[in-house]
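The structure appears right after this line, and notes come after that.
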Amino acid sequence: MNYNNRGDILNNSIKGIISEIERYAVKDGPGIRTVVFFKGCPLKCIWCANPETQKNTHQLMYWPTRCIGCKKCIQICPQKALSWNTTGIMINRSNCISCNVCTNTCNSQALTMSGELKNVEEVLDTIKKDNSFYQVSGGGVTFSGGEATYQKDFLIQLAQRCKDEGISTCIETCGYASQEVYQDLLPYIDYFFYDLKLINEKKHTKYTGVSNKLILSNFCYLQDAGADVTVRIPIIPGINNTESNINDSIHFLLEHAPGCHVSLLPYHRLGASKYGKLDMHYSLEELAPPSDEEMQSLKDLFVKHGFYVTIGE
């Protein structure tokens with residue numbers, strides 16, 4: 001199944017494919033928040049911490065440390081997509097149709113499915129469970145991913161419904177969508193957390209798979225529209241922590257968003273183990289996170305140029 005960027009229309013009810021809904025988050029916008037992770041992203045950043053959200057389809061994940069070797073999943077798989085070797089279960093992803101027969105059989109949860117089809121009201125019901133926490137803390141819901149705008153119709157309807165309920169909204173976005181999408185979202189999004197990964201177009205294309213022209217253009221559009229935008233810069237050693245990229249980032253922001261809030265996000269390896277569970281290759285296996293001293297030095301540099309800067313949030 002492929003939901004493209006429009007969601008799935010079933011029985012006149014728009015649906016989206018959601019990877020996870022995380023409650024009680026405190027680093028994805030003001031206050032206590034519920035984070036809705038959308039599946040599907042137009043970028044393929046080589047440092048991506050959520051590889052299970054890159055594709056907007058259901059994906060089978062294998063957790064070998066949970067596997068008890070009963071092999072019931074192999075016997076029951078209608079597509080014969082599963083087999084066994086010395087390392088455990090092997091998945092023939094060409095044959096797998098994500099039917100959930102094996103996951104329903106696996107009592108140890110060694111096989112799980114990433115991605116669940118939900119309608120707007122189903123997601124809203126989960127979000128509303130923590131309304132009292134939002135009111136006390138100034139929190140709300142954050143749309144993340146993947147890239148939430150990749151399922152734009154579902155996102156816009158969900159954001160509208162949240163605003164109808166008086167719930168604060170935030171989006172974490174890579175900026176790679178048409179300007180019309182952001183124009184449609186503006187009335188329903190209170191905070192934009194906007195990624196600026198690399199300013200040089202060739203390097204951006206090399207490390208993320210797409211040009212940054214649209215991203216930079218949309219950033220300028222949101223600024224001109226008066227949106228509340230926090231700039232997020234992931235600090236990836238050897239890729240975008242170079243003097244040239246940091247200086248280019250500062251000059252771009254001084255021109256288009258002087259004094260804005262800049263959030264510096266140190267590279268981490270928390271999502272590295274997910275790649276193997278999806279039979280994907282992680283190319284930064286040996287890369288170490290930046291030191292606290294480097295992060296502080298970068299913060300000081302941005303502060304020197306008049307920006308309000310935080311680290312890791």
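The values are calculated or read from the model by the stated rules, or taken from the named source; none is laboratory data. Worth saying up front: this structure is predicted, and the values here are computed from it rather than measured. Cβ placement follows ideal geometry from the backbone for every residue including glycine, while neighbour counts extend to all protein chains displayed. The protein model used for the area step is the full one, side chains on, heavy atoms only, and it has no ligands, DNA or RNA in it. Shrake-Rupley method; radii C 1.70, N 1.55, O 1.52, S 1.80 Å.
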TODO: Give the Debye-formula value of log10 I(q)/I(0) at each listed q (0.14, 0.30, 0.33 Å⁻¹), with one equal scatterer per alpha carbon of the stretch 23-64, two decimals each.
DONE: -0.46, -1.00, -1.05
Open item on the list: Taking the Cα centre as origin and putting +1 on Lys and Arg beta-carbons and -1 on Asp and Glu beta-carbons, what dipole magnitude results for the chain, to the nearest 20 debye?
Closed with: 1220
Task: residue 269-residue 291 FRET efficiency (beta carbon distance; Förster radius 22 Å; 0.05 resolution) - done: 0.90
Open item on the list: A 19 angstrom limit on the alpha carbon distance is what I want to check against. Which of 44/277; 27/118; 44/206; 128/152; 128/163 exceed it?
Closed with: 27/118; 128/152
Open item on the list: Working only with C-alpha atoms, what are the Rg and Dmax values of the stretch 165-213, expressed in angstrom?
Closed with: 13.3, 43
TODO: Sort 299, 80 by accessible area with a 1.4 Å probe, largest first.
DONE: 80, 299
- [ ] Read phi for every residue in the stretch 64-81 and hand back ³J(HN,Hα) as whole Hz from Karplus 6.51 cos²θ - 1.76 cosθ + 1.60, θ = phi - 60°, with x for Gly and Pro.
- [x] x, 5, 8, 5, 9, x, 6, 6, 5, 4, 5, 5, 9, 4, x, 9, 6, 8
- [ ] Quote the charge dipole size of the stretch 9-99 about the Cα centre in Debye, to the nearest 20; the model charges only the Cβ of Lys and Arg (+1) and of Asp and Glu (-1).
- [x] 200
Task: Cα-based convex hull volume of the stretch 37-107 per residue, rounded to whole Å³ - done: 124
Open item on the list: Restricting everything to alpha-carbon atoms, can you work out Rg to Rh for the stretch 70-118 with a Kirkwood hydrodynamic radius?
Closed with: 0.94
Open item on the list: Report for the chain the percent antiparallel among DSSP-assigned beta bridges with both residues inside it, nearest 5.
Closed with: 45
Open item on the list: Under the rule of at least 5 residues apart or a separate chain, name every residue whose amide H is placed under 5 Å from the amide H of residue 54.
Closed with: 40
TODO: Measure nothing but the geometry: give the 0 to 90° angle between the long axis through the Cα atoms of 213-224 and the longest principal axis through the Cα atoms of the chain, rounded to 10°.
DONE: 60
- [ ] Could you please tell me the mean projected area of the C-alpha convex hull for the chain, averaged over all directions and given in square nanometres to one decimal?
- [x] 17.2
Open item on the list: For the stretch 207-313, place one equal point scatterer on every Cα, skip the solvent, and apply the Debye formula. What is log10 of I(q)/I(0) at q = 0.10, 0.14, 0.16, 0.17 Å⁻¹?
Closed with: -0.34, -0.65, -0.82, -0.90
TODO: Calculate how steeply helix 292-304 sits against the longest principal axis of the alpha-carbon atoms of the chain, using the helix alpha-carbon long axis, and give the answer as 0 to 90 degrees to the nearest 10.
DONE: 40
Task: For the chain: accessible area per residue (Å², 1.4 Å) - done: 47
- [ ] Quickly rank 183-195, 284-296 as a protection proxy: mean count of other C-beta atoms within 10 Å, highest first.
- [x] 183-195, 284-296
- [ ] Summarise the long-distance tail of P(r) for the stretch 173-260 by giving the % of C-alpha pairs beyond 15 Å.
- [x] 58
Open item on the list: Can you give the Rg/Rh ratio of the stretch 25-167, where Rg is from the C-alpha atoms and Rh is the Kirkwood radius?
Closed with: 1.06
Open item on the list: For the stretch 271-313, what are Rg and Dmax over the alpha carbons, in angstrom?
Closed with: 15.6, 44
Task: Mean separation of Cα contacts under 8 Å (6+ apart) over length of the chain, as relative contact order % - done: 19
Task: Segments 83-93, 147-157 sorted - mean Cβ within 10 Å per residue, highest first - done: 147-157, 83-93
Task: Given charges at Cβ of Lys, Arg, Asp, Glu: the chain dipole, positive-most of 79, 154, 260 - done: 79
Task: Degrees between helix 243-256 axis and first principal axis of the chain (Cα, 0 to 90, nearest 10) - done: 70
